[in-house]
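Just below is one structure, and these are the notes that go with it.
The values are calculated or read from the model by the stated rules, or taken from the named source; none is laboratory data. What you see is a predicted model, and the numbers here were worked out from it, not measured in a lab. In this analysis, Cβ positions are derived from the backbone assuming ideal geometry, glycine residues included, and neighbour counts consider all displayed protein chains. Each accessible area value is taken on the protein alone, full model and side chains, heavy atoms only, with ligands, DNA and RNA left out. Shrake-Rupley method; radii C 1.70, N 1.55, O 1.52, S 1.80 Å.
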Amino acid sequence: MRQIVYPLMISALAFAGDGRTPRSSSADYPAHRDTKTATIAAVRVPAEQLNKTFPSDFANKYVVVEVAIYPKDGATVDVATMDFVLRLADGESRPDTPEEIAGLWRPHTAHPDVTSKTHVTTETGVIVASGTDPVTGRRVTNTGTYERVGVSGGDDPNRPVQYPTSASSADADRIEAQLAKWELQDGKTSSPVAGYIYFPAPQKKSKGALELQYAHEDSSANLKLPPAK
């Protein structure tokens, strides 16, 4: 168990990030609204900016919003990316994690291995035998059980698909690390923080403003996001 848990912990720490540097004021963002404990500000990230770091089709798959939170004097804010929802023309979109996003660029080619060619099967049953007792001359019937183990070769249709490790997996790791680095970080803060939130893009392209909705306990805000410049 330790050999499984510890590497996962190391990987999570390696992908941890600090988000983005918030602008000097919430007014520097095209959209901003006050809540009881903080001012929420946001701006859509242009596709040209995303294409400098991520694959060329990234902006077609995701709407990226830079969100900044400015706690009011003496207030501590509990930041959580899942408190944000992007309202679209055909519904709503909730944030994806860096791991989920990077999975789109990971290889998904079946890769059979040696172990898939060898299969072990077991068989159990009941044996019924009848005959004549040589001492009494009476007809008797005896029952018993048996178990048989067999080994065979060939592909197992029930075997889970195995995915190979390749250069594209390394690219996906790089994408995930960068996404996590710039992501809005969950946690409590009393200082301004900022970061990206990644929303799956709508099927229908919207030329107008999108609406970012924020709700946490008794605080809420709706921000109209103009098209990215």
Ordered by packing density, taken as the mean number of other Cβ atoms within 10 Å over each peptide's residues, highest first, how do 189-202, 89-102 rank?
-> 189-202, 89-102
Amide H to amide H under 5 Å from residue 225: which residues, 5+ apart in sequence or cross-chain, H placed 1.01 Å off N in plane?
-> 210, 211, 212
Where Lys and Arg each count +1 and Asp and Glu each count -1, what net charge lies around residue 90 among other residues with Cβ under 12 Å from its Cβ?
-> +2
Using amide H atoms built 1.01 Å from N in the peptide plane, name the residues 5+ places from residue 88, or on other chains, whose amide H lies under 5 Å from its own.
-> 93
Placed amide H near residue 72: partners under 5 Å, 5+ positions off or other chain = 38, 39
Taking a probe of 1.4 angstrom, what is the accessible area of residue 88 in Å², to the nearest 10?
-> 30
Using the Cβ atoms and a cut-off under 11 Å, what net charge is assigned to the surroundings of residue 19, where Lys and Arg are +1 and Asp and Glu are -1?
-> -2
Taking the Cβ of residue 61 as the center, what net charge do the other residues with Cβ under 12 Å away carry, scoring Lys and Arg +1 and Asp and Glu -1?
-> -3
Packing rank of 29-37, 44-52, 172-180, where each peptide gets the mean count of other beta carbons within 10 Å, highest leading | 172-180, 29-37, 44-52
